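The next block holds one structure in the form of structure tokens; read it before the comments.
The values are calculated or read from the model by the stated rules, or taken from the named source; none is laboratory data. Note that this is a predicted model, so its numbers are computed, not measured. Note that we place each Cβ from the backbone using ideal geometry, even for glycine, and neighbour counts take in every protein chain shown.
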Amino acid sequence: MTIKTAIVAAGFAVTATLGAAQDLDLSGKTVDYVIPFSESGGSAKWANFYAPLLSEALPGNPTVVVKYMPGAGSTKGANWFQAQTWEDTEGTVIFGTSGSTQFPYLLGDPRVRYEYSDWNVVLASGTGGVAYLPPAMAEKLDGLDASGLAGEDFIWGSQGATRLDLVPLLAWKMLGMNVEPVFGIKGRGDGRLMFERGEANVDYQTSSAYLANVTPLVENGSAVPWMTWGALDENGDIVRDPTFPDIPTFKEVCEATEGCNTSGEAWDAWKAFMIAGFPAQKMIFLPKGSPDWAVDAYTEALNKVLARDDFAEISEARLGVYPQMTGKGAKNTLTLGTQVPAEAKAFVVDWLQEDYGVSLK
Amino acid sequence: MDLLATALPALGEAFALILQPQQLLYLTFGVLLGLSVGVFPGLGGIAGLSLVLPFIFGMDPVSGLALMVGLVAVVPTSDTFASVLMGIPGSSASQATVLDGFPLARKGEAARALAAAFISSLFGGLLGATILTFFILIARPLVLAFALPEMLAVTLLGLAMVAILAGRIALKGVAAACLGLLVGTIGEAGHGGSLRMVPESWMFAATGSTTFESYQYLADGIKLVIVGLGIFAIPEIISLLRQNQSIARGAQLGSGWAQGLRDWWANVWLSVRCSSIGVIVGVIPGLGGSVVDWIAYGHTVQTAKDRSQFGSGDIRGVIGPESSNNAKEGGGLVPTLIFGIPGSGSMAVFIGGLALLGYEAGPQLVQNNLDITYTVVWSLALANVLGAGLCIGLSGPIARLTTIRFTLLAPFLFMMIAFAAFQSRQSLGDLVALFAIGLLGIFLRRFDWSRPAFLIGFVLSTQAENFSANANQIAGFKFKQGWAEGLGYVATPIVIVIALLTVVSVYFGIRQSKQIRSEGDVATGSKRAPLIFLLALLAYVGTAWINAYSINMISDKIFPLAVASVGLLALVALLVRMMMAGEGDEIFADREASGEDAEAPHSLWGTLAWFGALLLLTSLLGFVLALALFMVAFFRVRAGLNWVWSLGLTAAGIAFICFLAGMLNRDFPPGLLQSYVNLPWPLT
């Protein structure tokens, strides 16, 4: 090596360490795609969908493996991720969250030691939810007007009042329904089985589960679709779910039902938690302190994934027809999904305490 | 006829699909992988499936299915190796196999026990696949007939097996089961999320503090892997290590694998009955498979004429549970495929894999893709034949492991157990919990408190609580609508039949349990040690009672309060009996009084200290460094090997565990050192 090339090389090394724009190169490395959940469940499915595609699209084609870090309702994994830094990981650790990670954060759960605004979002994936009824109950609906259900007794299998199930639970309440939740079931699949066995007489499923398992029930006449939670348009307003354009949204049902208001603190709270739970349900993050060029490299790789010719085809069955957002879209979704007005939060905390004895100090 | 008209063509199509060289190759690969993963206790199907999941995407569906099914199907076959040879329950499916399988290995009849187990597994697997073939088309209404009251009834039937495994003193069995149930309630309650046996203040502790870490660990409860390893494996390993022998006493091998096949044939009807139990329990979603081997074991004992040998090496005690656990996989595919509801963790991952291949589990799969569904069935059958065949062939040579001096095996077993336990939650807490439960297991064994009863209680705790609370809530709702509605929900024919079975099981179980030594004979000794242990149990159950009493939410307190009350009554009654009885009464059973343990050349505490040292070193230096130090020291000092051998064996062990962890993409427990210094994998 001549002195000249040595100086040039040293110069490059200095600029590199000063943190100027670099190219992310992950060749020969393994990227840990950590999710704070177990191998079963929706987040595992979602992460396993993206992992191989990311591997193809990231610079250097690293191996992308999904790592499971379940515990304490997903707060354990999120607390762990909060302690990760760019310097230690250099692009080899990404983190996938779900509504279950956002809800404790929004509700001020004492177990939460993580801060979403420290992290760098690179992808936001939405989903939707569909509520359905047994035919005998669906008959009591008068078009969109659900006031006919007010006198009935309902029983519903739920995973817990502070989970994603908070959204439907609040919706039932706003419609004036008398619903007794049976808490402690293991997954939404168990709730659907309770419905099929006639133990429960109202239920909802997220989109992909609805398509696979409730559509046959609708076809043979043992279930009637009722309403979706809706999707968001560019202005942040609730519109019909693109996967289920023929099913009305809760907003429409609420407007048509006496006593249910699409304004006021209950509505604001419902909408805030609905957004956190469904359209902004799942996100991928880089750890705190990640430089912009690394975020850009990941964003570009994800854009490449979304631009695949076969993306619509392979994602439809597994993710539903929902926006998969990167860049600015992802940042907007993150804001919508992790910032709730203080009044909305207070309303939910009081309601949970009053109706279900759940205290969130 | 209609059924046959739909099933047969699809069955033929599926047969043609699977019998292609490429598909068969993938199936074989899956089987080999499943066998290798299944051999290691605590890893099981989930680890294996996670290993292949990244490669499933983009594969041709039939190959992918063959790979995954081949893997899942043989895990309950190969986990028998650990159960029989080492007394380590390989997975939740073969806990009951330990009871008679391990004593057979100690008699030098490991090959016989293994062969009988594998042929039973094969038979169960094939029966499961056959039933699955036709049942899957008509199962829907039958599966839906199992609502919460029915599931609660089956859970209670499982708990009733405690009666027969309670040991010489029924009350001790009851107390052990209550203790298991209570340990199962530790952590956040399923209903309202109240914390049980975890101080609420821990939740507010600072990030990274030991208290907060303990909270995060305990909030989710203690996992079955840890309890299984702690209750069965650690006491046996420590006991064997103290005696400084080989597993087969005198290093003599008795009858071989051919005898095992003959044993199975002589008990073929038992195998049929237990396989059927396996299929039925597997079919019910939400019940989980961990209870099926106990129900099968209980059935085996109850229907046997001569019960004197159970627990000290009766081959029927191997045939029963092993017939049921592979059959369960076939049964478990029914709810998995037709409802999209996984019956176990590995089934949940399997559904994820199906999605990667472009199929969504659910009613549509069976209706529209019957050929794909049957591909699963055929793969299941073929994998069972292949897996069991390989295992029977291997059982002779592998049985020779039991003739090796145990001191040379023990470090490798400690390594495997610690690694397996750590996979449960990847926290240092796993190792602490393992040590604590192991200690409990050692004392339960020493003082002859039924370990199976404890384990059954633990396994069924969550579902007993959830099913009873939920069924109660819904029943209340139905009774509000009218008596006929309510009774129609609670008192269905299925519930009544299972309840009758439960009553009969308990009645005969109590009558028979006096003859059954599920863990062999135990000598009696002085009063002091058994009394102290009883008082310690009393203190724990008392604390649990107070803790449950202080919970506000009725839904979260009622179950632990009720169980702790029963446990307290049983323990107090035992205490009274201890005070009345004289020395030498059977209530003062103590393995340290006389027998193998008492005459062992090494002391209990000295031996346990070795294992404790491994865990302590791990918390300081991380697992791999700690293991290296531990193994070298153990081989040098305890086993008395020279430096060359000590270093060589240690290097082999470390290389092996790193290979395994690398393949499965798992980490090792880090220690204090790692929080100060960044070390490269595998030292992280």
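For region B:50-122, the helices (runs of 4 or more DSSP H) that sit wholly inside it and include 1 or more residues that are within 21 Å of B:LEU333 (Cα to Cα) are B:61-78. For region A:165-191, a tally of residues being outside any loop (DSSP other than H, G, I, E, B) and more than 8 Å from chain B (Cβ to nearest Cβ) returns 14. When A:ILE284, A:ILE275 are checked against the criterion of being on the phi < 0 side of the Ramachandran plot, modelled with pLDDT of 95 or more and among the β-branched types (Val, Ile, Thr), a single residue qualifies: A:ILE284. Would you check if there is a residue in region A:231-241 being under 26 Å from B:ILE351 (Cβ atoms) and touching a His at 6+ places or on another chain (Cβ under 8 Å)? The answer is no; no qualifying residue exists. Residues in region A:297-353 that are aromatic (Phe, Trp, Tyr) and without any contact (Cβ under 8 Å) to a residue 60 or more places away in the chain: A:PHE311 only. Across region B:496-519, not a single residue is classified as in a helix (DSSP H, G or I), under 30 Å from B:PRO321 (Cα atoms) and within 14 Å of chain A (Cβ to nearest Cβ). Residues considered: A:GLY320, A:GLY264, A:GLY259, A:GLY329. Of these, the only one that is within 18 Å of A:GLY176 (Cα to Cα), of a type outside the set (A, V, I, L, M, F, W, C) and modelled with pLDDT under 90 is A:GLY264.
Just to be sure, is B:GLU213 within 13 Å of another protein chain (Cβ to nearest Cβ), in a helix (DSSP H, G or I), out of contact with any His (no Cβ under 9 Å at 6 or more places or on another chain) and surrounded by fewer than 24 Cβ atoms within 10 Å (Cβ to Cβ)? Answer is yes for this residue. Looking at (1) part of a helix (DSSP H, G or I); (2) surrounded by 23 or more Cβ atoms within 10 Å (Cβ to Cβ), which is the only condition B:PHE412 fails? So B:PHE412 meets the others, but not (2).
Just so you know, in region B:187-210 the residues that are touching a residue at least 12 places away in the same chain (Cβ under 8 Å), part of a loop (DSSP other than H, G, I, E, B) and facing chain A (nearest Cβ under 10 Å) include one that is farthest from A:PHE183 (Cα to Cα), and it is B:SER194. Does at least one position in region A:211-220 carry a residue that is away from chain B (no Cβ under 12 Å) and β-branched (Val, Ile, Thr)? No; the residues of region A:211-220 include none that is away from chain B (no Cβ under 12 Å) and β-branched (Val, Ile, Thr).
Does B:SER92 fit the bill of being modelled with pLDDT under 85, buried (at least 24 other Cβ atoms within 10 Å of the Cβ) and away from chain A (no Cβ under 14 Å)? In short, yes. Scanning region B:217-238 for residues that are within 9 Å of chain A (Cβ to nearest Cβ) and crowded, with 21+ Cβ neighbours inside 10 Å, we see that the one that is farthest from B:ALA420 (Cα to Cα) is B:ALA219. Of the set (1) over 28 Å from B:GLU188 (Cα atoms); (2) in contact (Cβ under 8 Å) with a residue 24 or more places away in the chain, all apply to A:ASP109 but (1). Are any of the residues in region B:265-276 part of a helix (DSSP H, G or I), hydrophobic (A, V, I, L, M, F, W, C) and modelled with pLDDT under 90? No, region B:265-276 contains no residue that is part of a helix (DSSP H, G or I), hydrophobic (A, V, I, L, M, F, W, C) and modelled with pLDDT under 90. Evaluated against (1) in a loop (DSSP other than H, G, I, E, B); (2) surrounded by 19 or more Cβ atoms within 10 Å (Cβ to Cβ); (3) of a type outside the set (A, V, I, L, M, F, W, C), A:ASP309 falls short on exactly one condition, (2).
When you scan region A:64-164 for strands (runs of 3 or more DSSP E) that lie fully inside it, which ones turn up with 1 or more residues that are more than 13 Å from chain B (Cβ to nearest Cβ)?
By residue number, A:93-97, A:120-125, A:129-133.
All conditions but one from (1) over 21 Å from the mean Cα position of the chain (by Cα); (2) surrounded by fewer than 19 Cβ atoms within 10 Å (Cβ to Cβ); (3) modelled with pLDDT under 90; (4) of a type outside the set (S, T, N, Q) apply to B:GLY509; the one that does not is (2). Regarding region B:207-225, can at least one residue be identified that is of a type in the set (Gly, Ala, Ser) and more than 24 Å from B:GLY180 (Cβ to Cβ)? Taking every residue of region B:207-225 in turn, at least one turns out to be of a type in the set (Gly, Ala, Ser) and more than 24 Å from B:GLY180 (Cβ to Cβ).
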